[in-house]
Amino acid sequence: MSNLPPDRLATDPPFTNVGLDVFGPWFVSYRRTRGSVNQNKRWAVIFTCLSIRAVHIEVINSLDTSSFINAFRRFLAIRGPVKTIRSDRGTNFVSACKELKIPSNLDNLALQSYLKENGCTWTFNPPHASHFGGLWERMIGLARRILDSMFFKLKTTKLTDDVLITFMAEVAAIINARPLVPVSSDSSDPFILTPATLLTQKVIPLQAPAGHFTASDIYRHQWRQVQHLSNVFWDKWKKEFLPTLQPRRKWQSNQLNVSLGSVVVLKDSQVPRNEWPLGLITQVFPSKDDRVRKVEVKVAKADGSKMLVRPISEIVVLVPS
């Protein structure tokens with residue numbers, strides 16, 4: 001496991017360096033007709049600060065580039081400009097990067113010239129390498145699992161755009177109220193460091209509205225629906241996420257770097273193992289600590305050869321160079 005990248009340790013203001021991804025969808029009621037309710041899908045874009053681990057959630061109407069750019073502009077209007085963006089290679093992300101004219105690691109020459117101007121850069125993870133974005137994938141996985149189980153259990157079709165947007169804001173507030181460091185057992189030191197504390201500079205946490213909210217509130221006023229859903233999310237967050245806040249250690253042993261000319265097998269979960277394609281390492285991408293974690297592989301296909309970028313976790317070395 002490599003050292004933390006510089007943007008994880010930067011002392012810049014919150015949300016200067018962010019990782020982002022899209023999760024969902026959920027169904028919302030957008031028009032009522034006689035005897036039925038028309039529904040549409042909604043997704044959410046989660047922005048995670050790489051330094052203080054705070055999150056910001058924006059709801060979008062579709063997965064196209066235009067909807068994402070609008071959500072990205074709303075995020076910038078609230079949180080301010082960013083220097084570094086990290087994400088996977090989603091087509092909407094790549095298209096947005098090109099339309100906004102943000103240099104990425106897909107174009108090294110443009111990136112070098114843009115860096116001289118201290119602008120914003122967009123770094124894409126290699127394909128099939130979700131662990132490269134573990135910082136924000138962790139938050140997405142937990143939030144998605146809790147939200148999906150909530151909506152499946154509630155079996156409600158009463159969600160509207162207004163309810164979903166307000167509910168996502170409550171979800172972000174709950175996630176940002178989690179402790180960042182071990183809580184002191186000293187009764188004279190009740191201070192708990194959270195992302196919300198660093199964002200708002202307020203020690204007192206956000207209090208829930210007064211009142212008792214039950215499942216029957218799903219069918220009442222919309223603001224009571226939001227508060228009941230928030231209580232359900234908090235209950236699952238407290239039982240499923242907080243107990244997992246413990247050290248996890250992996251990838252501690254050193255291995256030989258993959259070298260040029262090595263013959264490898266590409267892992268592919270979609271095909272049987274005997275049909276995994278053979279490939280030849282044509283290029284390696286060493287990190288700043290000289291460890292190779294990403295390679296370019298030449299694979300022979302029936303219609304010709306193809307160049308693929310893969311993380312080393314997706315290859316098996318058969319014959320070293």
Qualifying positions in region 36-89 - among the charged types (D, E, K, R) and either touching a helix residue (DSSP H, G or I) at 6+ places or on another chain (Cβ under 7 Å) or closer than 27 Å to LEU9 by Cα (or both) = ARG42, ARG53, GLU58, ASP64, ARG73, ARG74, ARG79, LYS83, ARG86, ASP88, ARG89
request  = Taking SER149 as the residue in question, decide whether it is assigned to a helix (DSSP H, G or I), modelled with pLDDT under 80, of a type outside the set (Val, Ile, Thr) and within 20 Å of TRP43 (Cβ to Cβ).
outcome  = yes
note = Considering residues that are more than 16 Å from the chain's Cα centre (by Cα) and not β-branched (Val, Ile, Thr), the number found within region 37-87 is 19
message = Which residue is modelled with the lowest pLDDT, if the candidates are limited to region 109-120 and must be farther than 15 Å from PHE72 by Cα and part of a loop (DSSP other than H, G, I, E, B)?
response = LYS116
ask   = When you scan region 246-320 for strands (runs of 3 or more DSSP E) that lie fully inside it, which ones turn up with 1 or more residues that are touching a residue at least 60 places away in the same chain (Cβ under 8 Å) and aliphatic (A, V, I, L, M)?
value = 304-311
ask   = Quick one: how many residues across region 268-285 are surrounded by 12 or more Cβ atoms within 10 Å (Cβ to Cβ) and under 25 Å from the mean Cα position of the chain (by Cα)?
value = 2
Close pairs from region 64-79: first β-branched (Val, Ile, Thr), partner part of a helix (DSSP H, G or I), Cβ under 6 Å, at least 6 apart = THR65/ASN92; THR65/SER95; THR65/ALA96; ILE69/ALA96
task = Tell me which residues, restricted to region 87-108, are at pLDDT 80 or above, among the small types (Gly, Ala, Ser) and closer than 21 Å to CYS49 by Cβ.
result = SER87, GLY90, ALA96
task = Select from region 3-36 the residues that are modelled with pLDDT under 85, within 20 Å of the chain's Cα centre (by Cα) and among the small types (Gly, Ala, Ser) and list them in ascending order.
result = ALA10, GLY24
inquiry  = When you check GLY141 against the structure, is it among the small types (Gly, Ala, Ser), surrounded by fewer than 16 Cβ atoms within 10 Å (Cβ to Cβ) and modelled with pLDDT of 70 or more, yes or no?
reply    = yes
key: region 55-104, subset farther than 17 Å from VAL22 by Cβ and touching a His at 6+ places or on another chain (Cβ under 8 Å), residue surrounded by the most Cβ atoms within 10 Å (Cβ to Cβ)   = ARG79
inquiry  = Would you confirm whether or not region 121-136 contains a residue that is assigned to a helix (DSSP H, G or I) and modelled with pLDDT of 85 or more?
reply    = no
inquiry  = Pairs needed: first member in region 195-207, closer than 17 Å to TRP234 by Cβ and modelled with pLDDT under 65; second member anywhere, in a loop (DSSP other than H, G, I, E, B) and β-branched (Val, Ile, Thr); C-beta distance under 9 Å; at least 6 residues apart or different chains.
reply    = PRO205/ILE192; PRO205/THR194
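The values are calculated or read from the model by the stated rules, or taken from the named source; none is laboratory data. Nothing here was measured: the structure is a model prediction, and the numbers come from that model. Cβ: placed from backbone, ideal geometry, glycine included. Neighbour counts: every protein chain shown.
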